[in-house]
Amino acid sequence: MAAAEPLIEVKGLKVHFHTEDGVALAVDGVDFSIAPERTLGVVGESGCGKSVTARAIMGLIEPPGRIEQGEILLHGPDGIVDIAGLDPRGAEIRDIRGTEIAMIFQEPMTSLNPVFKIGDQIVEAILLHENLSRSQARERAIDLLAAVGIPMPRQRFDHFPHQLSGGMRQRAMIAMAMSCNPRLLIADEPTTALDVTIQAQVLDLMNALRRDFNTAILFITHDLGVIAGMADDVVVMYLGKIVESAPVREIFRHPKHPYTQGLMGSIPSLTDWGARRLTAIEGVVPSPFAHAQGCGFAPRCPHAMEVCRRRSPDLLKVGPGHTAACFLHQAAP
Amino acid sequence: MTAENTLLEVRNLRKYFPVRKGLLQRTVAQIKAVDGVDLTIRTGETLGLVGESGCGKTTTGRTILRLVEPTGGEILFRGRSLAGDTDTAMTDVATASPAQIKLLRRDMQIIFQDPYSSLDPRMTVGEIVGEPLQIQGLMSRSERMARVLDLLGAVGLSADHARRYPHEFSGGQRQRIGIARALALNPRLVVADEPVSALDVSIQAQVINLLQDLQEQFGLTYLFIAHDLSVVKHISNRVAVMYLGKIVELADTRELFGNPRHPYTEALLSAVPVADPDFKVERIPLEGDVPSPVNPPSGCHFHPRCRYAQDVCRTEPPAYRAVGQTHFVSCHRADELSLRGMRSS
Amino acid sequence: MTDFFRRYSRDKVGVFFGALLLLLYGVALTAQWITPADPMAVNLREVFSPPSATHWLGTDQFGRDILSRVILATQVTVKVTSAACLFAVLTGVPIGMFVGYRGGWIESVTMRATDMLLIFPIIMLAIVVVVISGPTETGVIVALGLAQAPQFVRITRGVTLSIKEELYVEAAIAAGSGWLHILARHIWPNISTPIIVQATLTLPVFVLNASALSYLGLGVQPPTPEWGQMLNEAKDHLINAPYLIVGPAAALVIFVLSANLVGDAVQETLNPKLKKRK
């Protein structure tokens, strides 16, 4: 599955938030890599650390958050940069943002400036990183708006964000992200706020762009349906840790971790006609301040064993390209 | 005529919101949020109401409960006599007096989408769940407390939760509290307005299972409003699809998902992402966005986005008619088109 | 509530001036017993005596002990301003809640009326009231309260508007609740915090206005002492007895400053986001 040289490697990443209520282990030892032009889907429920991981890759962790440990290695033509070691406000990371890695968010309204025309915002993004004249940048911006399927791009260029619908805003946001041909696009729940028909349009657009721009995508979502249609590989996160990782077909066919199995049992099927009952995961996600011993999922796990409450399982191989952090699939230590 | 097992019958329900402008706040336009909705709900069933944001599904639910004043139409509801279990004749909720409404509220309740805004942060869980009983002046203080504890048990919370405050609970638990409050008066009809869409996937499943258990236990009837088609398919006996203030199609769940007769339903079904990497459907692209309900398109509201549209669709609004025993659709071409539904896998 | 005090105690400035304000209220409550001399006793043999061991702040043109008069004035001021503040809250808050919740024409009319009251200078308004009622203590209280009540109507209406959109209000309506139940059970408990903050923040305004009125001779009438009125008398003897101004001026400054800083501290404690922005 993996090409010889990954595009980005995350190794042992730990991001903690030091707050009045204690230390939250938002990301607690995460390893993964993305090969060029692949799409990695990250699935998990709120508070599992998926968005914090993405922000760490963008160098956007601000106090009270802190990268405690680990490396985020970006492989570029001029060697390897460790993003985790860069100053979040420094020039180096600013160079990487936009040109190497770009990000789109769930609510495009918060990332587009309401007082500037969308075209001008894209032009700014282009001029920030590339040596073009203003009129060249303008032409490029109009091309991008057309490429993301915004009708009448020349007229839309002069529109303000509030004049666009949610779907159009997300398209404009994508145009801005793609403006400097990034090698990695981080999409943090990009379609969660959109209606299904608009979501379908945006997902189709992202698939097309992936082919045209040869961009790798880190796709973060809670929606297993979206993941199934978008990702090449999937990692499942729970309480700041990766609990399972596999190619998309493998993980949907043979989920190994009880949490992954629970998630799949929790969603009602559109294609299955039997009146089955949903197999919900009991209980609630524990507080990230709790720092309990053992496997984080043990309190909710139907298969929890004695060892699960004592020790935290490692992410080990359970099949081809398939790893899971669960003692059920490991020889008891 | 109204059948015996009909609990609610809505006829030509309309709700227009005025758009006001200027110093004198003159009405310059009308937002036709609900524009002629007909539906019936049978005792004991779950009717799903789906549609995209702005289609008027939430306003429909609120108007049926008279939380929003209807602009026109009838909302016929079969209440209970004061004494107890005997049914009364159908009452028109739309024209009921304040005193009648207060009585009707015992039989019609609502569950909200947002589990945060729906619980008063200054009240204990016990006070919140018991409040409807207090408002209706039912039961003594100690009877109320006992009832509250029963309800908390029914929704899977424990008795010692009654003294705590909402901020101590997670989203899923808060939703359970909201459900317990809705059940306090022992209602017949519960309008569930996107009750699981703010919750995480695993919690969503818990709440859906709970709603189904409670329906069985208390003989509830649900109007289940949601945008998530897989949830609606799972929980509903029948499903109505709304678009721009009108119901475009209504049928038994299996029929609607397997054999849709309206092009909008077909496109909606094809757009839902299916949690199966091998499930490849050809998406039916819907061009553009939902038009504004201030100025809906002429003829069939859906025609600018419909790939089957013909001249008649641009000029004549289609009638809402039966195309099968229990299948209603509002499309000029329903009889000639052969549309694609969800295949079972 | 214990949580409030725990967090408030972290604010050093708030704690210090809070203690100062409490001290002033303590002085006001016990004024009768702690005055070193009779504040009303005229002693023509000791007129304009400078500060000394017997008269710490000196005596005025009638030989009355200034310190004792300042202490008694504290009581008068606290009484008048507290009553006026209560008057403003008790009229402004119910009106604000009612019109905010009900909306419609009654809201428009009320809000335009408060706008009209707000553009009147407070002193003008007070003069009208005092002219009608005479310069009695009650008149002053009503004048001061009426001048501030529109502020409370406005702020109460504002927070009511936001709370009435909460779904728990709709849940209560769906259970058959009337407006009185909703105002008492849901709106008031959730708006009381900003109202309390507003009341503490306006307290110094009341004090200043009370002093301004009596400085102009429209407030509490002699021989009952009041800071503003004492300042007015001191002004006439600024050259030969400059020490007369010290007592009332210091008391006024301490009260207004403490009340202001305590108001800020309360606001920051209840709404920590404000502090971060500073």
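May I ask you to list the lysines whose Cα is less than 17 Å away from that of C:K235, ignoring any residue fewer than eight positions away on the same chain?
none
Could you name the aspartates and glutamates whose alpha carbon sits less than 13 Å from that of A:K14, not counting residues in the same chain fewer than 8 places away?
Output for A:K14: A:D28, A:D31, A:E68, A:E71.
With r as the distance between the Cβ atoms of B:V294 and C:T138 and R0 = 51 Å, compute the FRET efficiency 1/(1 + (r/R0)^6) and round to 0.05.
Efficiency, rounded to the nearest 0.05: 0.35.
Quick one: which of A:K11/A:K50; B:K15/B:K57; B:K15/B:K246; B:K32/B:K233; B:K233/B:K280 span more than 22 angstrom between C-alpha atoms?
Beyond 22 Å between Cα atoms: B:K32/B:K233.
Suppose a student asked you for the relative contact order of chain A, using Cα pairs under 8 Å spaced at least 6 residues apart; what percent would you report?
20
If a/c stays under 1.5 just call it rounded; otherwise compare a/b with b/c (prolate if a/b is bigger, oblate if not). Do that for the protein assembly as shown, with a ≥ b ≥ c from the square roots of the Cα gyration tensor eigenvalues.
prolate
Once a ≥ b ≥ c are taken as the square roots of the eigenvalues of the Cα gyration tensor of chain B, is the result rounded (a/c under 1.5), prolate (a/b larger than b/c) or oblate (a/b not larger than b/c)?
prolate
To the nearest whole percent, what portion of all C-alpha pairs in segment A:50-161 is separated by more than 18 angstrom?
The share of Cα pairs beyond 18 Å in segment A:50-161 comes to 60 percent.
Using all Cα-Cα distances in segment A:101-181, what percent lands in each 10 angstrom bin from 0 up to the longest?
In whole percents, the pair-distance histogram is 21, 58, 20, 0.
Calculate, for A:I80 and A:F213, the FRET efficiency according to 1/(1 + (r/R0)^6) with r their C-beta to C-beta distance and R0 22 Å; round to the nearest 0.05.
Efficiency computed from Cβ-Cβ geometry: 0.45.
If we count other beta carbons within 10 Å of each Cβ, what is the order of A:R211, B:R106, fewest first?
Exposure proxy ranking, most exposed first: A:R211, B:R106.
What is the Cα centroid distance between segment C:197-261 and segment A:236-260, reported in whole angstrom?
Going from one Cα centre to the other spans 73 Å.
Which of the aspartates and glutamates could a cross-linker bridge to C:K164, judged by Cα under 16 Å and excluding same-chain residues fewer than eight apart?
Straight-line reach from C:K164, under 16 Å: B:D114, B:D120, C:E107.
Taking square-rooted eigenvalues a ≥ b ≥ c of the alpha carbon gyration tensor, is chain C rounded, prolate or oblate, where a/c under 1.5 means rounded and, failing that, a/b exceeding b/c means prolate?
prolate
Could you work out the mean count of beta carbons from other protein chains within 10 Å of each residue's beta carbon in C:157-170?
3
What angle do you read, to the nearest 10 degrees and between 0 and 90, between the alpha-carbon axis of helix B:141-154 and the longest principal axis of chain B?
For helix B:141-154, the angle is close to 50 degrees.
Pairs of Cα atoms under 8 Å, at least six residues apart: use those to get the relative contact order of chain B, whole percent.
Here the relative contact order equals 19 percent.
When a footprinting reagent is the concern and you count Cβ atoms within 10 Å, what order do C:W56, C:W33 take, fewest first?
C:W33, C:W56
Expressed as a rounded percentage, what relative contact order does segment A:101-181 have, with Cα pairs under 8 Å and six or more residues apart?
45
What is the projected area of the convex hull of the Cα atoms of chain A, averaged over all directions, in nm²?
Result: 18.7 nm².
How well do other chains shield peptide A:216-225, expressed as the mean number of their Cβ atoms within 10 Å of each residue Cβ?
Per-residue shielding by partner chains comes out at 2.
Helix by helix, which DSSP H runs in chain C go 30 Å or more along their axis at the Cα atoms and have an average Kyte-Doolittle hydropathy of -1.0 or more?
C:66-102, C:137-163, C:188-215, C:246-270
What's the average, rounded to a whole number, of partner chain beta-carbon atoms within 10 Å of each residue's beta-carbon in B:226-233?
Mean inter-chain Cβ contacts per residue within 10 Å come to 4.
Kirkwood Rh over Cα pairs of segment C:132-277 into Stokes-Einstein at 37 °C, 0.692 mPa s: D in µm²/s?
180
Rank these for me by crowding, A:H303, A:H16, C:H237, going from fewest to most other beta carbons within 10 Å.
Starting with the residue having the fewest Cβ neighbours, the order is A:H303, C:H237, A:H16.
FYI, it's all coordinate maths here, none of it is from the lab. Quantities reported herein were computed from a predicted structural model and do not represent experimental measurements. Ideal geometry is used to build each Cβ from the backbone, glycine not excepted, and the neighbour counts take in all protein chains shown.
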